[in-house]
Structure formats: C-alpha cells, structure tokens
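Report on the structure given below.
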Amino acid sequence: KDQLDLFGVLAQLMAEQIELRQIATTDSLTGALTRRAFEVEITRECRRNSRYQHGLSVIAVDVDHFKKINDNYGHGAGDLVLKDVVAQITQNLREVDFLGRMGGEEFVVGLPETGVDGARIVAERLRETIAGMAIISNGDRINVTASFGIATLSRADSDWKEMLGRADVALYQAKQEGRNRCVCHQAELELF
C-alpha cells in the first residue's frame, strides 16, 4: 500500500511538472509560444540550419490599429481578436513552423527550411486570411488587418536576433506604407 501511495504522489508531481512546463511555454491567452519558448525554438532551428543549410526565415506580425480595437470595443473584444488571429495563423502553418507572442499584439512566425520566396508566400497567405476575418463581439463586427515583416537568416548574422531585427525593420516599413501589407527586408532581396 505504501508503494501505491508513493506512486500516486509521484504521478501527481509529474502531472504538475508537465502543467507548469506547459504554462511556461504557452501564452495563456492565445496559445502561441511565449517569448522565451520562441527563443528556445528559434535557437534550436538556427543550430540545425547551420548544419544543414536548408534556410530559416521569420515573419514579424503586428495586428493593425489594435489600440483602436481595444478603445472602441473593449479589452474583451481585443482578446478575442488576438485569439482568432493566432488561430488563423496556426491553421495556415506547417507542423514544423512555430508561432510566438512577443508582446501585446506582436507575434513572430518561425519558418524552418524556408527561404525568402517561401516566406513571402506564407506571409501573403496569412495577410489575406487575416484581412478576410470578421470577428463578432457583443454584436459588433470587427474587421482586422495585420502588417508583416519578412527576413531570412543570413551567413552574416551572428545569431537569430539579427534576422528578427531585420524582420522588425521590414514590419515598421509595412506600417509606414499603409499597413495590411507584407514587406521583405531589403537585404533578403539582394541576397537571392
């Protein structure tokens, strides 16, 4: 009986550990990876890419005019928008791709074994999908768009942060040019 009790306690501890690990790696609102979990995954993919040279790209995603959504419809509606955007992005990714929430309405998609052309196709598909969404909250129809910045890992990059920095620059350019668009960082256009 003591051994059975001990196994029961151990099983409970393991279940709690699994739950804590899940909490630490998954954003509680959207289900996307946390920033830290994304960093672990992108670091792993950078190492794999340095071995096999199959390409690695990221897409920085920012929901357009998100503050206005919160201001006009409330934070509950804003939360619903984020959940639905993440669901649409996730449905349009491959099993090997991964999505992280960087903060607020900012997300990053990791695309292993994907060069700039493939990343551009994925970003445009995501842009069209999100622009086609209509979210209903408390009887209000909320139309959503997002802006996308694309970058591909370069041999000149010392780590993935440089690639992500270029994606952020491209995202900023997409927002400056009117939002609801995909922009590829200029360095990628010159490399390929």
Those residues of the range 67-89 which are surrounded by fewer than 17 Cβ atoms within 10 Å (Cβ to Cβ) and in contact with a strand residue (DSSP E or B) (Cβ under 6 Å, 6 or more places away or on another chain) amount to none
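Per-residue answers, yes or no, for (1) acidic (Asp, Glu); (2) without any contact (Cβ under 8 Å) to a residue 60 or more places away in the chain; (3) closer than 16 Å to ARG125 by Cα:
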{"position": "PHE38", "(1), (2), (3)": "no, no, no"}
{"position": "PHE66", "(1), (2), (3)": "no, yes, no"}
{"position": "TYR73", "(1), (2), (3)": "no, no, no"}
{"position": "ILE89", "(1), (2), (3)": "no, yes, yes"}
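For (1) outside any helix (DSSP H, G or I); (2) under 29 Å from ALA156 (Cβ atoms); (3) modelled with pLDDT of 70 or more; (4) touching a Ser or Thr at 6+ places or on another chain (Cβ under 7 Å), each residue gets a yes or a no:
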position: LEU4; (1), (2), (3), (4): no, no, no, no
position: VAL9; (1), (2), (3), (4): no, no, no, no
position: GLN17; (1), (2), (3), (4): no, no, no, no
position: ARG21; (1), (2), (3), (4): no, no, no, no
position: LEU29; (1), (2), (3), (4): yes, no, yes, no
position: ARG44; (1), (2), (3), (4): no, yes, yes, no
position: SER50; (1), (2), (3), (4): no, yes, yes, no
What do you reckon, is ALA167 modelled with pLDDT under 95, under 21 Å from SER50 (Cα atoms) and not charged (D, E, K, R)?
no
Scan the range 55-72 and tell me whether some residue there is modelled with pLDDT under 95 and closer than 30 Å to ASP159 by Cβ.
yes
Going residue by residue through the range 114-129, is there one that turns out to be farther than 14 Å from ILE59 by Cβ, surrounded by 14 or more Cβ atoms within 10 Å (Cβ to Cβ) and at pLDDT 95 or above?
no
Qualifying position, being open to solvent by less than 30 Å² (accessible area, probe 1.4 Å) and more than 30 Å from HIS54 (Cα to Cα), among ILE135, ILE150:
ILE135
Across the range 40-51, which residue is surrounded by the most Cβ atoms within 10 Å (Cβ to Cβ) among those that are of a type outside the set (A, V, I, L, M) and either at positive phi or free of Cβ contacts under 8 Å to residues at least 40 places away in the same chain (or both)?
ARG44
Filter the range 24-59 for residues that are closer than 24 Å to ALA134 by Cα and out of contact with any Phe, Trp or Tyr (no Cβ under 7 Å at 6 or more places or on another chain) and give the result.
ASP27, SER28, LEU29, THR30, GLY31
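The values are calculated or read from the model by the stated rules, or taken from the named source; none is laboratory data. Note that the structure is predicted; figures quoted are calculated from it, not measured. Cβ: placed from backbone, ideal geometry, glycine included. Neighbour counts: every protein chain shown. For accessibility, only protein heavy atoms count, side chains too; no ligands or nucleic acids. Shrake-Rupley method; radii C 1.70, N 1.55, O 1.52, S 1.80 Å.
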